[in-house]
Ligand SMILES: Nc1ncnc2c1ncn2[C@@H]1O[C@H](COP(=O)(O)OP(=O)(O)OP(=O)(O)O)[C@@H](O)[C@H]1O
Ligand SMILES: [Mg+2]
C-alpha cells in the first residue's frame, strides 16, 4: 500500500548510470547498465547471488577502484548531474557524501563514541560541543542512542552484531551523507534486528536517498519505492528491468530471478 | 586424557626452560663473584678496564652497546617501517613479492660478511663524511651503529610488514568508505592497529643489535677505556659488551680467576640488558590493543 503512495516524483535523478560496464581481467561482470536513482526514498536492487549487485553499488561511490586486482569501468556515472569519474573529481570527498554500509558490520577497535565520530573528525572541523551534538544526532538517526547512551566509552566490539550494524550506520550518518548505499545490510541479522533496521531505513528515506541491495524479495516489497533487477544473462550481470514495485513484481520480465528470490525468501 | 597429556608436556617444557635459565643465571653469578668482591659497584660504574693492573670497569662497554644499538634502531626504524608501509599498504601481490624477497635474502647474509663490508667500505665513508670532526680513524661507535642498522633492517622490515598485513582489509575498506584517503587510512587505521606488532618488531631489532658480535667487532675500534661519554665519543673507537667478549682476552683470562670472573660478569650484564628489554616488550604489548584486537 505504502509503495503505491510513494511514487517517484523527483525530476532529476541524484545518481545515474549510462551504458556502464564493468570487467575484470578475465571476464565481464556488468554489461550496459542504465539506471536512474531518484532523490530521496528507497531504491532497491535485487537479483540472484553473483549477479553483480555489490559491484554495481561500488560503481556509485568509486569503491570499485579499490578492488585488487583492479576492475575496468566503462560508461558514464553521474552524481547530481556531475560525472563521478571525471578528471579532478575528489573520490574521497565523494565517498563521504555517498556513504556505504557493508554486508557485515566493520567496527574499529575503539570506543562507541570514537567509532561514530571516526569519519566526521577527519572530514569536518567541529568544536567539542559540535562533535557531541553530531554524536547524539547520528546515534539517534541509527536508532541506537537509547541502547548505548550510558556506555559510549565502552569498546564497540562489545555490541551485538545488530547493534554493530546500526553503529556502522551511525558512523556513516554522522557525515551527513546525501546517499547511503546499503549492501544487504540485514543478511547477518536475526528477524528482530532486521525489523529494527527496516523501520530505520524507511525513516531515513524521508531525507536521504537509500540504495538498498537485497536478496530478500519481501524486504524489497516492503521497503523499496523503485526496484532494479540485476540478472545474469549470457554469464554477464545486466539490469533487466527497473520500475515501480507492484508492476515489476506482478509482471516480471525475468521470472526465473523472481522464482529464485522468492524461494530464498520463503525458506529463510 | 589427550589434553592432560598436552598440559603436562607444556608444564614440563616450561619447567625445563625455567630450570635451565636459572642454572645459567646462577652459574654466571657464581663465576663472576670474585670481580664483584674485588670491584664492588665500581664494576658497572668504572670507566677503566686494564686487566694487568686489575682494573675492571664495564661502563665503557655498556655505553658502547647502548650507543650502537640506539644508533642502529634510530636509523633502521624509520626506513624499515616506511618500507613495510610501502610493501603492505601500497604494493599488490606480485610487486610486493619483488620487493620483499630481496630484502628477506639480505637477512640471510652471514654477519661476518656485513662486517667485512663495513671494514671495506663503511669505515672509509664514515671517516670521510665526518672528516671535519677529526676522528682518529673510521673505526667508531657510529660506524658500528650504522652497520648494525643495515643488518637489522631486513628483520625489522619483515616483521613490521607482517604486523601491518595482520590488520584486516575490511578495516581499511571501511575507512576508505568514510572518505579517508589511503594515507589517512594508513595513519588512522593500519598503524594504530598494528602498533603492538610494530613495537615488537623494533624491540626484536634492538635485541638483535645488542647481541650482534662479529660485525661490530670488526669496525668498532675495540678501545676498552672511555674518558668522555659525550656525543663526540660516537666518533671515537669504543667497545661493546659483545665485541669485548668476542676478543682473544676471553681465552687469556681463563687461567686467572679474577680476570675470568670479570669476563663472565660481562656476559651477565649483557644477559641482564637483553632480558630487561624482553621484559619491557612483554609488559608493553598487552596494553597496546593486541588483546583488544584479538577480541574483535
Ligand atoms: N574484484 C573482482 N575481481 C574479479 N571478479 C570479481 C570481483 N568482484 C566481484 N567479482 C565477480 O563478479 C561477480 C559479481 O559479484 P558481486 O559481488 O557483485 O555479486 P552480488 O550480486 O553482490 O552477489 P551476492 O548476492 O552473493 O553478494 C561474481 O561472479 C564475482 O566473482
Ligand atoms: Mg553482494
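The values are calculated or read from the model by the stated rules, or taken from the named source; none is laboratory data. A quick note: this is a predicted structure, and the numbers were derived from the prediction, not measured. When we count neighbours, we look across all protein chains shown, and the Cβ atoms used for this are built from the backbone with ideal geometry, even at glycine.
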| said: Please determine whether any residue of the stretch A:215-223 is over 29 Å from residue A:119 (Cα atoms), away from ligand 1 (no atom under 16 Å from the Cβ) and either buried (at least 19 other Cβ atoms within 10 Å of the Cβ) or free of Cβ contacts under 8 Å to residues at least 40 places away in the same chain (or both). | reply: yes
| note | In the stretch B:175-184, anything buried (at least 21 other Cβ atoms within 10 Å of the Cβ) and either in contact (Cβ under 8 Å) with a residue 60 or more places away in the chain or at the interface with chain A (Cβ under 7 Å from one of its Cβ atoms) (or both) is listed as B:176, B:177, B:178, B:179, B:180
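Given the residues A:101, A:94, which is the only one that is within 17 Å of the chain's Cα centre (by Cα) and within 16 Å of ligand 2 (Cβ to nearest atom)?
Details: A:94 fails: within 16 Å of ligand 2 (Cβ to nearest atom).
When all the criteria are applied, what remains is A:101.
A quick yes/no check of all residues on (1) crowded, with 21+ Cβ neighbours inside 10 Å; (2) in contact with a helix residue (DSSP H, G or I) (Cβ under 8 Å, 6 or more places away or on another chain):
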residue	(1), (2)
A:157	no, yes
A:165	yes, yes
A:169	yes, yes
A:186	yes, yes
A:195	no, no
A:202	no, yes
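One line per residue, one yes/no per condition, for (1) away from every other protein chain (no Cβ under 14 Å); (2) touching a residue at least 40 places away in the same chain (Cβ under 8 Å); (3) not in a helix (DSSP H, G or I):
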position	(1), (2), (3)
A:149	yes, no, no
A:157	no, yes, no
A:165	no, yes, no
A:170	no, yes, no
A:177	no, yes, yes
A:188	no, yes, yes
A:193	yes, no, no
A:199	yes, yes, no
A:202	yes, yes, no
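For (1) within 10 Å of chain A (Cβ to nearest Cβ); (2) modelled with pLDDT under 95; (3) under 17 Å from residue B:87 (Cβ atoms), each residue gets a yes or a no:
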{"position": "B:159", "(1), (2), (3)": "no, yes, yes"}
{"position": "B:165", "(1), (2), (3)": "no, yes, yes"}
{"position": "B:173", "(1), (2), (3)": "yes, yes, no"}
{"position": "B:194", "(1), (2), (3)": "no, yes, yes"}
{"position": "B:201", "(1), (2), (3)": "no, yes, yes"}
{"position": "B:211", "(1), (2), (3)": "no, yes, no"}
{"position": "B:222", "(1), (2), (3)": "no, yes, no"}
{"position": "B:226", "(1), (2), (3)": "no, yes, no"}
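Search the stretch A:34-52 for residues being within 12 Å of ligand 1 (Cβ to nearest atom) and surrounded by 23 or more Cβ atoms within 10 Å (Cβ to Cβ), and hand back the single one that is nearest to residue A:208 (Cα to Cα). Give the steps one after another, and end with the answer.
Of the stretch A:34-52, the ones within 12 Å of ligand 1 (Cβ to nearest atom) are A:45-52.
Narrowing further to those that are surrounded by 23 or more Cβ atoms within 10 Å (Cβ to Cβ): A:45-47, A:51-52.
Values: A:45: 17, A:46: 20, A:47: 23, A:51: 26, A:52: 24 Å.
Selected residue: A:45.
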| request: Go through (1) over 25 Å from residue B:89 (Cβ atoms); (2) within 14 Å of the chain's Cα centre (by Cα) and name the single condition residue A:83 misses. | output: (2)
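State the number of residues belonging to the stretch A:121-147 that are away from chain B (no Cβ under 14 Å), in contact with a helix residue (DSSP H, G or I) (Cβ under 7 Å, 6 or more places away or on another chain) and part of a helix (DSSP H, G or I).
Total meeting the criteria: 7.
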| task | Report the residue count in the stretch A:234-259 for those that are over 23 Å from residue A:40 (Cα atoms) and either modelled with pLDDT under 75 or loosely packed, with under 12 Cβ neighbours inside 10 Å (or both). | result | 12
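Could you check the stretch B:45-68 and list, in sequence order, the residues that are more than 18 Å from the chain's Cα centre (by Cα) and either crowded, with 17+ Cβ neighbours inside 10 Å or in contact (Cβ under 8 Å) with a residue 60 or more places away in the chain (or both)?
Of the residues in the stretch B:45-68, the ones more than 18 Å from the chain's Cα centre (by Cα) are B:45-59.
Selection gives B:46, B:47, B:48, B:49, B:50, B:51, B:54, B:55, B:56, B:57, B:58, B:59.
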| task | Among the candidates A:78, A:154, single out the residue that is under 30 Å from residue A:22 (Cα atoms) and away from ligand 1 (no atom under 16 Å from the Cβ). | result | A:78
| request: Among the residues of the stretch B:5-23, write down those that are modelled with pLDDT of 90 or more and within 17 Å of residue B:272 (Cβ to Cβ). | output: B:22, B:23
| task | Please report, ordered by residue number, the helices (runs of 4 or more DSSP H) entirely within the stretch A:1-120 with at least 2 residues that are out of contact with any helix residue (DSSP H, G or I) (no Cβ under 7 Å at 6 or more places or on another chain) and within 14 Å of chain B (Cβ to nearest Cβ). | result | A:53-60, A:91-97
| So which pairs qualify, if the first residue must be in the stretch B:69-97 and within 14 Å of chain A (Cβ to nearest Cβ), the second must be crowded, with 20+ Cβ neighbours inside 10 Å and not in a helix (DSSP H, G or I), the Cβ gap must be under 9 Å, and the two must be at least 6 apart or on different chains? | B:88/B:167
